[in-house]
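For reference, the structure discussed in these notes is given below.
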Amino acid sequence: MLPATTSDSHWHHLSCQVAELCVRIPASAGPAVLARELAALAPELTFRQVLSRGGWYRLGGVVDANNTHLSDNLETWAEEQLAAHDDDMAALCEDHAGRGLRATRLTGRTHYFVAATGAGATDFVQIEIEELQEVVCHSLFVAEDLPSGIEELVDPRAADLPCCTAGEPIGTPFLRLRRLTPMAGFLARMRAQRPEAQPIHRFVQAWEASSAGAATQFSNHWVIVVREHLDRYRQPVLHANPVAALNGAAPKFAATFGMQGLALHQAMARYDKAVGYPMAWFFHMLTIRSAPYALAGAVIDDVNAGFNYLSDRDVEVVKEWLYQPYAF
């Protein structure tokens, strides 16, 4: 683990090293090789791959009929071309019609690696490495379906897109560092944005207060998907959502409507055992919805009726949520 005084410059340096690593390592190497290489870069940390998520895409560039790249950024290219035609979309379409220009997309899969930096739930650093493949997507200027505006040109929803999901690949898959996030620092920055705790802070606090936090490390079971954008005043706005580190489907919560008492306790215990830590039903209820929200009320009804199958600390966590619900 690292000392608490680890500086931003340290993380920046490590981020640069990981970015260089992604250039050197072929995508075919796989997450296990990446984890070993990360360990070599940062021997004071123990990086583990905890989740891979695919099925997303990002806008790519522009290629001609021979798949020669005209631009690596479709949106920038379209804006520049429209400006060069005095913001006249019809003139832009006429000029490029018949050239066989096509857009590309980057289809992606994100590999999440985490390493603990301390004992707290958010004391970990998270690295997101993308595995990308550029594929040919929609044609840009088709006579019978010319775009009426730049949004339609860049990302037409009507072209959703058998041609993109099974499009012609360009080049080989490659790796790219998306971000390196010291999580405790990121969530502290979020907390400074507004006085009240945001859902992610309450979620982490619930974990630390519950028997789950006493049983296992948060980052063994969760990644935190973060986003950052600028508002209209050019100030950074931060977002964070927990995502269960399940490589596969979540267990089924086997309970029926109105179940209570021993039967409900047994259903909860089976679910927790399948996931691997206590109170999993509660945290999955708030995120992946594998259990209904009504379960929290049923549990407290049981507590009030004298069924003491939850520890006092877990009862307080559930009650706090019932008094002031939140979800993701």
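The values are calculated or read from the model by the stated rules, or taken from the named source; none is laboratory data. Remember, predicted model here, so these are calculated numbers, not experimental data. Every residue, glycine among them, receives a Cβ derived from its backbone with ideal geometry; neighbour counts consider all protein chains shown.
For the stretch 87-117, a residue qualifies if it is part of a strand (DSSP E or B) and over 13 Å from L153 (Cα atoms), and the qualifying residues are R105, L106, T107, G108, R109, T110, H111, Y112, F113, V114, A115, A116. Among the residues of the stretch 236-257, those that are outside any strand (DSSP E or B) and either over 21 Å from G276 (Cα atoms) or not assigned by TED's automatic domain parsing to the domain that holds Y271 (or both) comprise T256, F257.
Of all the numbered requirements in (1) of a type in the set (S, T, N, Q); (2) within 26 Å of the chain's Cα centre (by Cα); (3) exposed (fewer than 14 other Cβ atoms within 10 Å of the Cβ); (4) within 18 Å of M259 (Cα to Cα), Q324 misses one, and that requirement is (4).
Here Q81 clears all of (1) surrounded by 14 or more Cβ atoms within 10 Å (Cβ to Cβ); (2) at pLDDT below 95; (3) within 23 Å of the chain's Cα centre (by Cα); (4) not in a strand (DSSP E or B) except the condition numbered (3).
Screening A32, A19 for residues that are at pLDDT 95 or above, under 26 Å from P173 (Cα atoms), surrounded by fewer than 17 Cβ atoms within 10 Å (Cβ to Cβ) and aliphatic (A, V, I, L, M) leaves exactly one candidate, A19.
Do you know which of the residues in the stretch 109-158 that are acidic (D, E) and over 30 Å from V50 (Cβ atoms) is farthest from the chain's Cα centre (by Cα)? Checked the stretch 109-158; the qualifying residue farthest from the chain's Cα centre (by Cα) is E144. Would you please name the residue that is surrounded by the fewest Cβ atoms within 10 Å (Cβ to Cβ), looking only at residues in the stretch 276-295 that are in a helix (DSSP H, G or I) and modelled with pLDDT under 95? So, considering only residues that are in a helix (DSSP H, G or I) and modelled with pLDDT under 95, the one surrounded by the fewest Cβ atoms within 10 Å (Cβ to Cβ) is A294. Can you work out which of the residues in the stretch 33-72 that are in a strand (DSSP E or B) and either closer than 18 Å to T117 by Cα or in the same structural domain as H221 (by TED's automatic domain parsing) (or both) is nearest to the chain's Cα centre (by Cα)? Going through the qualifying residues, I end up with V50.
Against the conditions (1) exposed (fewer than 13 other Cβ atoms within 10 Å of the Cβ); (2) touching a residue at least 24 places away in the same chain (Cβ under 8 Å); (3) charged (D, E, K, R), R176 satisfies every one except (1).
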